[in-house]
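Below is one structure, written out as structure tokens; comments come after it.
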Amino acid sequence: DAQRKSMVKIVRDLSKLPCAAGFLAPVDWKALGLRDYPVLITKPMDLGTVAKRLKEGRYSSVRDVYRDVELVCDNAMRYNADGSEYWEAGQELKGIAHRAFAPLLSPIPAGGPSSAPSASPD
């Protein structure tokens with residue numbers, strides 16, 4: 001459907017951003033020697049996993065996709081020192097993601113989209 005296509009495009013566009021470069025795949029904490037990573041980050045998430053789950057139809061709402069994208073950013077900001085490269089990238093990506101998802105997350109007026117008053121020339 002159109003909404004799913006919009007979400008796929010958003011995640012793909014986010015993944016192309018320079019600030020997303022470190023968030024495209026799961027953190028290989030063992031290879032990186034980050035023994036405390038699984039202690040501090042109990043719900044790991046990355047943009048590649050979000051894209052895969054989206055493609056497989058494993059999300060039931062836009063909000064669920066947005067929450068996982070937000071989790072990617074929050075994890076980066078939780079694990080990395082404030083002001084570090086990954087913290088800054090997580091913060092930047094979170095702001096861009098918020099703006100990108102906002103139109104899909106906006107509530108529809110009670111009467112539907114057509115209930116909004118229309119401007120008429122006087």
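Taking only protein heavy atoms and a 1.4 Å probe, the accessible area of the chain is 55% carbon and sulfur. Taking the range 22-39 and a reference point 7 angstrom along Cα→Cβ of residue 98, the backbone N atoms nearer than 20 Å belong to 23.
Can you bin the range 31-103 into rounded, prolate or oblate? Criterion: square roots of the alpha carbon gyration tensor eigenvalues sorted a ≥ b ≥ c, rounded for a/c under 1.5, prolate for a/b above b/c, oblate for the rest. It is oblate, given that a/c is not under 1.5 and a/b is not larger than b/c. Label zone (residue 60, point 7 Å along Cα-to-C-beta; backbone nitrogen cut-off 18 Å) within the range 1-35: 4. Stretching residue 21 away from residue 105 to a fully extended chain increases their span by 27.7 nm, per 0.36 nm per residue minus the current alpha-carbon distance.
Residue ranges 48-59, 31-42, 90-101 sort as 90-101, 48-59, 31-42 when ordered by packing (mean number of other C-beta atoms within 10 Å per residue, highest first). Pairs exceeding a 23 Å alpha-carbon distance, out of 30/94; 9/94; 5/43; 5/52: 30/94; 5/43.
The values are calculated or read from the model by the stated rules, or taken from the named source; none is laboratory data. As the structure is a computational prediction, the values presented were derived from the model and not from experiment. Here Cβ is always computed from backbone atoms with ideal geometry, including for glycine, and neighbour counts include all displayed protein chains. Calculation scope for accessible area: heavy atoms of the full protein, side chains included, ligands and nucleic acids excluded. Shrake-Rupley method; radii C 1.70, N 1.55, O 1.52, S 1.80 Å.
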